[in-house]
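Novice: Before anything else, here's the structure in question.
Coordinate-derived values only; no laboratory data. Computed from a prediction, not measured in an experiment: that's the story for all the values here. We place every Cβ from the backbone using ideal geometry, glycine too, and count neighbours over all the protein chains shown.
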Amino acid sequence: MARGKTTQDLPDDFEEHILDTDIGEEMRSSFLEYSYSVIYSRALPDARDGLKPVQRRILFTMNDMGVRPDRGHVKCARIVGEVMGKLHPHGDGAIYDALVRMAQPWAMRLPMIDGHGNFGSPGGDDPAAAMRYTEARMGPAALAMTDDIKEDTVDFRPNYDSREMEPSVLPAAIPNLLVNGATGIAVGMATNMAPHNLIEVIAAARHLIKHPGAELDTLMKFIPGPDLPTGGTIVGLDGIRDAYETGRGSFKIRATTRIETFGRRKGIVITELPFNIGTEKIIERVKTLVQSKKIQGIADLKDLTDRQHGTRLVIEVKNGFVPEAVLEQLYKMTPLEDSFGINNVALVDGQPRTLGLKELLEVFLGHRYDVVRRRSQFRRDKAADRLHLVEGLLIAILDIDEVIQLIRASDNAGEARERLMSVFDLSQPQAEYILDMALRRLTKFSKIELEKERDELQATIEYLDSILGDDEMLRKVVSDELAEVAKTFGTPRRTVLLASAGTPALEAMSLEVADDPCFALLSSTGLLARSSDAEPFSTGSARANHDVIVSVVPATVRGQIGVLTSRGRLVRLGVLDLPAMPPTAGDPNLSGGLPLSALLSLESDERALALTTLATDGPGIALGTRLGVVKRVNPEVLLNKDEWEVIKLADGDEVVGAAQLRTGTESLVFVTSDAQLLHFPADTVRPQGRSAGGMAGVRMAHGSKVVFFGVVSPDAPEGAAVVTVAGSSSALPGTETGSVKTTPFSEFPAKGRATGGVRAHRYLKGEDSIVFAWVGAAPAMAAAASGAPIDLPEIDPRRDGSGVPLEQPIDAVAGPPRPQIIRRDVDF
């Protein structure tokens, strides 16, 4: 009954009706409605575009506002107001928090928003500034999420008050759910998905397009594990395998650390933290442990983090304590090692489902098929409508005098339209278009333009019809567009994957280390390790996620080795600083490695090429450069320096290969970009001092360059092999798959130094250059940039034959007697 009214105010025919409802039933129905609203409208992402409703509404609104990457930033308060007023009837705080997260590079592997101002700090230690201070615009990746949205690619639905229309999903050319992950708490369920590397995800998606029945293990060759925005090291891969299979699993993420010397003390330097962990949380926990005397050996802790150098926490260790043992305790008792629980819950057809890796890729690809199909239909209809009008104009221009006379003789536009339709057999749209036509179109040049446009429209319609009528063509278009996305937005992997944590805790480790013989190992992804076990040199180790070993030298544990770089430098390195592989290194589940960046500093364009001993006897070192120069360096060690130059490089030149000679009877091999292979005996190159610039090694055609230089020993048990990959010279480095061929080295005759070599590869259509090459002891093993193994084709005895297509780019190749497999395991 309305307030203020009495029974006398009610109409005479009013009848009171009271409905009795069971309170339990009312609670159940109301709670179910509330739960569905939270699940569907707020907390869980859609498996197709990987976005929650608020994120989708932010990107759609910014696209509608024109806040694009090529325009200036606007106040975040304006964006939040537009989203809240038109599409999202919730508090501004929730909208702004979602906008901030999409702009944080430490939270998103591929940020969608380009923020300007204070957007917080990793781990949430410092919140973002108020939205009246910060500014934002769409990031380049956000454009790929919203492209083609106006071409009927997705369904639209009314907003909360039915005054606006919003998309139910974005076209999403990027597999956003896997690349950026998601986190959310709904009612009775939650989601927590890890970010991945865009290049790896797209490689797996393209493989699934080509092979719809691919097994999970095959897909994991492309996606070996998560790739977190903050880098770090993932310890243990079993939980990742479970998550990819069932949608649920967990893994441990460790900080990236290295041991450095500070005066008379050693210290632990932390450069990357676990995902969603900030420096303040680490500092607070370490101080608490030190004060409570639960951890000993820490002398000082400094936070040297800044915007220019990134994360840098320095923990100085007291004299008498082993830094590795202290670090092991920090892993156990602080967030330097954290656990990430994967729970892949997302909406599929409006229903929450727990999805494995293959299901996530299939849902995304199904969405892209639908988007491309609808886009093609939209463009075809638009082209057909335009073609219809152009054909009408061509008819009118052919009889333009009669058309003008007919129009002038008509009393009004309606009569003119009807007469045009009757006399020239035109449709109503064609007749109306002719009546609206400007007089300047009535020229001979316009007729030529119209005929050209007609031919182009007919070709466009034919192409779009082929997409709509052929599923194979549709899948190819989707695959090609994904490849372009990977080329545009892809970045190298940041997170290192470890099969295990290495050796047990080192609290009782002796300070004195025996100077035992060992081997120093360098892998293709820049991991260093030492091993005293001969087992890694066996050729029968199982294939797995691995790094190909590119260089091995004998050493002693307390000795020193050198690292040869592409800048022509030799950098001294202590073997004791390398992590030791476990004694059972022959087991493919156990081995060790530490990133090269943890032990020495290289320039941004400088690469580590090989290891060398610092022995002052022997045949020395052989080097080859990009411009075809070869050099043998006399063994020479500068005891008072940690690094020195071993070759004087010309402007624009760099070292592409280097190796330590064992006997001096080896062959030196060049492979050039124009598919020429030249090899000649090492003893034909006169040794020179370290300051010399070398001598002519290979003669090349104009515009060519050296893609490989190496050393082949004549005593290889199974001979030597040549691996060449042909592709397009215009492709970005590391993105060209091309075709690969493996040829016996014995098929290539030796020639003199400074000659042109012999042809090593015949190009297929679209190929014009050798983009990768390797020559060494057989059998050869190849790996991708992620460390995943790549199967090489059977031996082709034709030295100038063509190759077979590759599914992903080769990053490195190696063969025995080098160890074949080294997992990404840091051993502390």
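Novice: If each residue's Cβ is checked for other Cβ atoms within 10 Å, how do Asp768, Asp796 rank with the fewest at the top? Don't skip to the answer; put the middle values down first.
Specialist: Details: Asp768 14, Asp796 18.
Final ranking by Cβ density, sparse to dense: Asp768, Asp796.
Novice: So for each of 62-75, 661-674 I average, over its residues, the number of other beta carbons within 10 Å; can you give me the resulting order with the highest mean first? Please list the in-between numbers first.
Specialist: On the way: 62-75: 15.3, 661-674: 20.9.
Ranked by mean Cβ neighbours within 10 Å, highest first: 661-674, 62-75.
Novice: Quick check: pseudo-label points 7 Å beyond the Cα along Cα→Cβ at Val804 and Asp349, how many nm apart are they?
Specialist: The answer from the label model is 3.9 nm.
Novice: Hey, another quick one. Pull up the cross-link candidates among the lysines for Lys75, meaning alpha carbon to alpha carbon under 25 Å and not fewer than 8 places away within one chain.
Specialist: Partners found: Lys52, Lys86.
Novice: Whole-Hz ³J(HN,Hα) for each residue in region 453-466, computed from phi via Karplus 6.51 cos²θ - 1.76 cosθ + 1.60 with θ = phi - 60°, x for glycine and proline: what do you get?
Specialist: Per-residue couplings from phi come out as 5, 4, 5, 5, 5, 5, 5, 4, 4, 5, 5, 5, 4, 5 Hz.
Novice: While we're looking at this one, here's another question. Give me the mean projected area, in nm² to one decimal, of the convex hull enclosing the Cα positions of region 44-142.
Specialist: Values: hull surface 24.3 nm².
Over all viewing directions, region 44-142 projects a mean Cα-hull area of 6.1 nm².
Novice: While we're here: Which order do Arg569, Arg454 fall in if you start with the one that has the fewest other Cβ atoms within 10 Å? Intermediate results must be reported in sequence, preceding the final value.
Specialist: Values: Arg569 20, Arg454 16.
Listing Arg569, Arg454 from fewest to most nearby Cβ atoms yields Arg454, Arg569.
Novice: Right, next: Counting pairs of alpha carbon atoms under 8 Å apart in space and at least six apart in sequence, what relative contact order in percent does the chain give?
Specialist: Numbers: 1767 pairs, mean separation 84.0, N = 828.
Relative contact order of the chain: 10 percent.
Novice: Can you compute the FRET efficiency between Tyr463 and Ala438 using 1/(1 + (r/R0)^6), with r the Cβ-Cβ distance and R0 = 30 Å? Round to the nearest 0.05.
Specialist: The calculated FRET efficiency here is 0.45.
Novice: Quote the charge dipole size of the chain about the Cα centre in Debye, to the nearest 20; the model charges only the Cβ of Lys and Arg (+1) and of Asp and Glu (-1).
Specialist: Working: 93 positive and 114 negative charges, 677 e Å.
For this selection, approximately 3260 debye.
Novice: Out of the chymotrypsin sites (Phe, Trp or Tyr not before Pro) in region 52-155, which ones are loop residues according to DSSP with at most 13 other C-beta atoms within 10 Å? Before the final figure, lay out the partial values.
Specialist: Values: sites: Phe60, Tyr96, Trp106, Phe119, Tyr133; in loops: Trp106, Phe119, Tyr133.
The qualifying sites are Tyr133.
Novice: Quick check: residue separation of Glu606 and Lys751 times 0.36 nm, minus the Cα distance between them. What number comes out in nm? Please list the in-between numbers first.
Specialist: Values: separation 145, 0.36 × 145 = 52.20 nm, distance 3.13 nm.
Gain on stretching Glu606 to Lys751: 49.1 nm.
Novice: Here is a further query. Quote to one decimal, in nm, the extra length available between Ala716 and Lys75 on full extension: 0.36 nm per residue of separation minus the C-alpha distance between them.
Specialist: Values: separation 641, 0.36 × 641 = 230.76 nm, distance 6.65 nm.
Length gained, Ala716 through Lys75: 224.1 nm.
Novice: Over region 375-489, what is the relative contact order in whole percent, taking alpha-carbon pairs under 8 Å and six or more residues apart? Could you put the intermediate results ahead of the total?
Specialist: Working: 65 pairs, mean separation 44.1, N = 115.
Here the relative contact order equals 38 percent.
Novice: If you don't mind, there's one more thing I want to ask. Over the Cα atoms of region 273-314, each weighted equally, I'd like the Debye log10 I(q)/I(0) at q = 0.15, 0.17, 0.22 Å⁻¹, rounded to two decimals.
Specialist: -0.41, -0.51, -0.78
Novice: Rounded to the nearest 5, what % of DSSP beta bridges with both residues in region 512-814 are antiparallel? Please report the intermediate quantities before stating the final value.
Specialist: Numbers: 71 of 75 bridges.
In region 512-814, approximately 95 percent of DSSP beta bridges are antiparallel ones.
Novice: Which whole-number percentage describes the relative contact order of region 256-335, with Cα contacts under 8 Å and a sequence gap of 6 or more? Intermediate values should be presented prior to the final figure.
Specialist: Working: 114 pairs, mean separation 28.1, N = 80.
Relative contact order here is 35 percent.
Novice: If you take the beta carbon distance between Phe378 and His309 as r and set R0 to 41 Å, what does 1/(1 + (r/R0)^6) give as a FRET efficiency, to the nearest 0.05? If you can, show how the numbers build up before the last one.
Specialist: On the way: r = 49 Å, r/R0 = 1.20.
E(calc), rounded to 0.05, equals 0.25.
Novice: Measure of size requested: the Rg and Dmax of region 375-489, with Cα atoms as the atom set and Å as the unit; please supply both.
Specialist: Cα-based Rg and Dmax for region 375-489 come out at 19.2, 62 Å.
Novice: Separate question: Using the basic label-point model (7 angstrom from Cα toward the beta carbon), what is the Leu764 to Gln405 distance in nanometres?
Specialist: In this crude spin-label approximation the distance works out to 6.4 nm.
Novice: Continuing with this model, one more query. Number of Lys-Lys pairs in region 246-357 under 17 Å by Cα, sequence gap 8 or more or different chains?
Specialist: Final tally of qualifying lysine pairs is 13.
Novice: Let me ask you something else. What percent of all Cα-Cα pairs in region 601-720 falls in each 10 Å bin, counting up from 0?
Specialist: Pairs per bin, as whole percents: 13, 45, 33, 9, 0.
Novice: Please give the helix 323-333 orientation as an angle from the longest Cα principal axis of the chain, in degrees from 0 to 90, rounded to the nearest 10.
Specialist: For helix 323-333, the angle is close to 30 degrees.
Novice: Two decimals is fine: what is log10 I(q)/I(0) at q = 0.07 Å⁻¹ for the chain, from a Debye sum with one equal scatterer on every Cα and no solvent?
Specialist: Taking Cα atoms of the chain as identical point scatterers yields -0.68.
Novice: I would also like to ask the following. With N set to the number of residues, divide the alpha-carbon radius of gyration of region 512-814 by 2.2 N^0.38 Å and report two decimals.
Specialist: Working: Rg = 18.6 Å, N = 303, 2.2 N^0.38 = 19.3 Å.
Ratio of Cα Rg to 2.2 N^0.38 Å: 0.96.
Novice: Separate question: Between region 238-289 and region 639-693, what is the separation of their alpha carbon centroids in Å?
Specialist: One Cα centre to the other: 40 Å.
Novice: Sticking with this one: Restricting to the chain, what percent of DSSP beta bridges are antiparallel, rounded to 5?
Specialist: Numbers: 118 of 126 bridges.
Bridges in the chain that DSSP calls antiparallel: roughly 95 percent.
Novice: Let a ≥ b ≥ c be the square roots of the eigenvalues of the Cα gyration tensor of region 256-335; is it rounded (a/c under 1.5), or, if not, prolate (a/b larger than b/c) or oblate?
Specialist: oblate
Novice: Taking only DSSP H segments of four or more residues, each worth -39500 (n - 2.57), what value at 222 nm results for the chain once the sum is divided by all its residues, to the nearest 500 deg cm²/dmol?
Specialist: Values: 17 runs with 234 residues, N = 828.
Mean residue ellipticity at 222 nm (helix-derived): -9000 deg cm²/dmol.
Novice: A follow-up question, please. If you place +1 on the Cβ of every Lys and Arg, -1 on the Cβ of every Asp and Glu, and leave all else neutral, what size is the dipole of region 512-814 about its Cα centre, to the nearest 20 Debye?
Specialist: Values: 25 positive and 34 negative charges, 212 e Å.
Dipole magnitude for region 512-814 comes out near 1020 debye.
Novice: Related question: Show which aspartates and glutamates lie in cross-link reach of Lys382 when reach means a straight Cα distance below 17 angstrom and same-chain residues fewer than eight apart are skipped.
Specialist: Partners found: Asp148, Glu151, Asp152, Glu391, Glu453, Asp455, Glu456, Glu462, Asp465.
Novice: R0 = 22 Å: FRET efficiency of Asp97 with Thr288, Cβ-based, nearest 0.05? Don't skip to the answer; put the middle values down first.
Specialist: On the way: r = 29 Å, r/R0 = 1.33.
Working from the Cβ atoms, E equals 0.15.
Novice: Region 309-428: Rg/Rh from Cα coordinates, Kirkwood Rh?
Specialist: Using Cα coordinates only, the ratio equals 1.58.
Novice: Report, in debye and to the nearest 20, how large the dipole of region 256-335 comes out about its Cα centre when Lys and Arg carry +1 and Asp and Glu carry -1 on their Cβ.
Specialist: Values: 14 positive and 10 negative charges, 49 e Å.
It works out to roughly 240 debye.
Novice: Counting other C-beta atoms within 10 Å, which of Ile283, Ile202 has the fewest, and how do the rest follow?
Specialist: Values: Ile283 17, Ile202 27.
Fewest-to-most Cβ neighbours within 10 Å comes out as Ile283, Ile202.
Novice: Starting from the Cα of Lys765, draw a straight line to each of the lysines and keep only those under 22 Å, dropping any in the same chain fewer than 8 residues away.
Specialist: Lys210, Lys476, Lys487, Lys705, Lys741
Novice: Between Thr488 and Arg558, what length in nm is gained on full extension when 0.36 nm per residue of separation is reduced by their alpha carbon distance? Kindly include the intermediate steps, with their values, before the conclusion.
Specialist: On the way: separation 70, 0.36 × 70 = 25.20 nm, distance 4.60 nm.
The Thr488-Arg558 span can extend by a further 20.6 nm.
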